[in-house]
Amino acid sequence: GKSTLLNRLTNAGVLADDKLFATLDPTTRQLQLPNHQLCLLTDTVGFIRKLPHHLVEAFKATLEEVNEADLLLHVIDASQPRVDEQIAAVEAVLKELGAQDKPVLAVFNKTDLERGRNQAIRLAERFRHSVAMSAATGEGTPALCQAIADLLRDRVAHLRLKIPAGEGRWIAAIHANGKVHAQKVSGKHLLVEATVSAGFAATLDPKWICG
């Protein structure tokens, strides 16, 4: 479900297989949201209790991604009869990681199936933020993208920058890590209007920020 969702949103070409641990290494792709904000989506190994020993190394990368994420998308197969147990297993792992207070958006997948639709309605009461969708058909994708944008809104910065023309590395980084709305040359500086993550904004030289 997770890999199918990533493929649906970003055309990532990630292996989508209905098997446990089909994804062993995190795969990260860029997604442009409805408000033109750019974010990075990472597909990780599934969370279960008592991870097999030979997968511990693969799981380490997932732990790093979870702890660094601004928002967790908990992709739930709403068509599964034991869905409550699966949700509990994921929540237990997040607690073990110390990530239980991270913002979570529950994504109830497989609502193209009758059981999925019915259980999504019931399960929505358990989560503060949730979206029902079908990664297979694409139904609900716009609502998911909008929900992500809404939850990340406070984690972005809209900046007007005056950057020395010689700082080409930083200018390229702004283009790679954010959305540039306008730029023009002014003497020995480049004037840039851009939307970037709050974390990336903190790495910029404060002298460059005009507002």
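Details
- Number of the exception - Ala135 against (1) of a type in the set (Gly, Ala, Ser); (2) out of contact with any strand residue (DSSP E or B) (no Cβ under 6 Å at 6 or more places or on another chain); (3) within 30 Å of Arg117 (Cβ to Cβ): (2)
Table: residues versus (1) over 21 Å from Ser3 (Cα atoms); (2) polar (S, T, N, Q); (3) within 21 Å of the chain's Cα centre (by Cα).
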{"site": "Glu91", "(1), (2), (3)": "no, no, yes"}
{"site": "Gly98", "(1), (2), (3)": "yes, no, yes"}
{"site": "Pro103", "(1), (2), (3)": "no, no, yes"}
{"site": "Ala106", "(1), (2), (3)": "no, no, yes"}
{"site": "Asn109", "(1), (2), (3)": "no, yes, yes"}
{"site": "Ala120", "(1), (2), (3)": "no, no, yes"}
{"site": "Ala124", "(1), (2), (3)": "yes, no, yes"}
{"site": "Phe127", "(1), (2), (3)": "yes, no, yes"}
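- Number of residues in region 174-193 that are over 20 Å from the mean Cα position of the chain (by Cα) and within 15 Å of Leu38 (Cα to Cα) equals 3.
- Selection from region 28-68 of residues that are among the polar types (S, T, N, Q) and at pLDDT 70 or above: Thr28, Gln30, Gln32, Asn35, Gln37, Thr42, Thr44, Asn67
- Qualifying strands (runs of 3 or more DSSP E) (wholly inside region 109-211; at least 2 residues being surrounded by fewer than 19 Cβ atoms within 10 Å (Cβ to Cβ)): 156-164, 178-186, 189-197
The values are calculated or read from the model by the stated rules, or taken from the named source; none is laboratory data. Because the structure is a prediction, the values reported are computed rather than measured. Methodologically, a virtual Cβ is constructed for each residue, glycine included, from the backbone with ideal geometry; neighbour enumeration extends over all protein chains shown.
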